[in-house]
Structures are given as C-alpha cells and as structure tokens.
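The values are calculated or read from the model by the stated rules, or taken from the named source; none is laboratory data. If you're wondering where the values come from, they're calculated on a predicted model, not measured in any experiment. Here the Cβ positions follow ideal geometry from the backbone for every residue, glycine too, while neighbour counts run over all protein chains shown. Side chains are part of the model used for accessible areas, which takes the heavy atoms of the whole protein and leaves out ligands, DNA and RNA. Shrake-Rupley method; radii C 1.70, N 1.55, O 1.52, S 1.80 Å.
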Amino acid sequence: QVQLVESGGGLVQAGGSLRLSCAASGDITSIGPMGWHRQAPGKQRELVAEVTSAGSTNYADSVKGRFTISRDNAKNTMYLQMNSLTPEDTGVYSCNAQIRRRGQIFVLGYWGKGTLVTVSS
C-alpha cells in the first residue's frame, strides 16, 4: 500500500505564511514528479506547483514569487512554503505523486486527502 499524507494547513491572516508537508509511505521503489493542487470553494481543482525528482519546478502564475515547492527524496516528502498569503489562496491543498511500488514496473498516480488552508482578511 502507498499513502500520501498532507499536514500543515490551518487558519492564517492575510500576509501570513504556512508550510505544508506531504509525506509518502509504503512499499515505494521510486517517486517521480510530485505536485500540489488546491480547490477553492465552488471552483475546480488547480495545479499550484510541481517538482520533478531532479528538483525542477513549475508554478501557477498566481503563486509565483510567493510559494516555494521543494522535496526531500531521502524522506519521500514534499513541501510547500507559502508566504504573503491572501484570501484567494483559501482552499483544500492536496498533493499527488507518480510512484513506482516495489516489484512493479509501472508507475501510478497517488493522491492525498488534502489539508485545509484558510486565509482571513
């Protein structure tokens, strides 16, 4: 079994910061690209940021310069440092990862259940 578990969400005032974590566990051989997505109330889920296993990153225009994605491959963990938060950043933040399990040659996408971020004005 493979699990992705997010943590670090919460309530913060506009202008504040939060750091999200996404920890992968289970019978994992390797993890490819990982990403953070968010879904605001009444809106579709959108990509926030993604990072390859080599550390290359990509960000949504709305978070460039404010959010930083990173990962620790030794710990199978990804992070999202969020600064200068605005109420528009409110939503459920979920992580996903492309994972190869032990004994398998194919890669599957896995999702965490999400963590709620609420930014008050």
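Could you give me the residue pairs with C-beta distances under 7 Å whose first residue belongs to the stretch 5-21 and is of a type in the set (Ser, Thr, Tyr), whose second residue is surrounded by 14 or more Cβ atoms within 10 Å (Cβ to Cβ) and outside any strand (DSSP E or B) wherever it lies, and which are 6+ apart or on separate chains?
Listed pairs, sorted by first residue: SER17/ASN83; SER17/LEU85; SER21/GLY8.
Scan the stretch 7-20 and give yes if some residue there is modelled with pLDDT under 95 and farther than 16 Å from GLY114 by Cβ, otherwise no.
Looking through the stretch 7-20, none of the residues is modelled with pLDDT under 95 and farther than 16 Å from GLY114 by Cβ.
Do you know which of the residues in the stretch 79-102 that are more than 13 Å from VAL48 (Cβ to Cβ) and assigned to a loop (DSSP other than H, G, I, E, B) is modelled with the lowest pLDDT?
ARG102
For residues in the stretch 4-44 being charged (D, E, K, R) and part of a strand (DSSP E or B), which is farthest from the chain's Cα centre (by Cα)?
Only one residue fits best here, namely ARG19.
If you go through the stretch 35-53 one residue at a time, do you hit one that is among the β-branched types (Val, Ile, Thr) and either farther than 16 Å from VAL92 by Cβ or surrounded by fewer than 18 Cβ atoms within 10 Å (Cβ to Cβ) (or both)? Outline the logic, then answer.
Initially, the stretch 35-53 is screened for residues among the β-branched types (Val, Ile, Thr), giving 48, 51-52.
Next, from what is left, pick out any that are either farther than 16 Å from VAL92 by Cβ or surrounded by fewer than 18 Cβ atoms within 10 Å (Cβ to Cβ) (or both): 51-52.
Yes, some residue in the stretch 35-53 is among the β-branched types (Val, Ile, Thr) and either farther than 16 Å from VAL92 by Cβ or surrounded by fewer than 18 Cβ atoms within 10 Å (Cβ to Cβ) (or both).
Taking only pairs six or more apart or across chains, which ones have beta-carbon atoms under 6 Å, a first residue in the stretch 30-58 that is within 20 Å of ARG19 (Cα to Cα), and a second residue that is open to solvent by 70 Å² or more (accessible area, probe 1.4 Å) and in a loop (DSSP other than H, G, I, E, B)?
Qualifying pairs under 6 Å: HIS37/ARG45; GLN39/ARG45.
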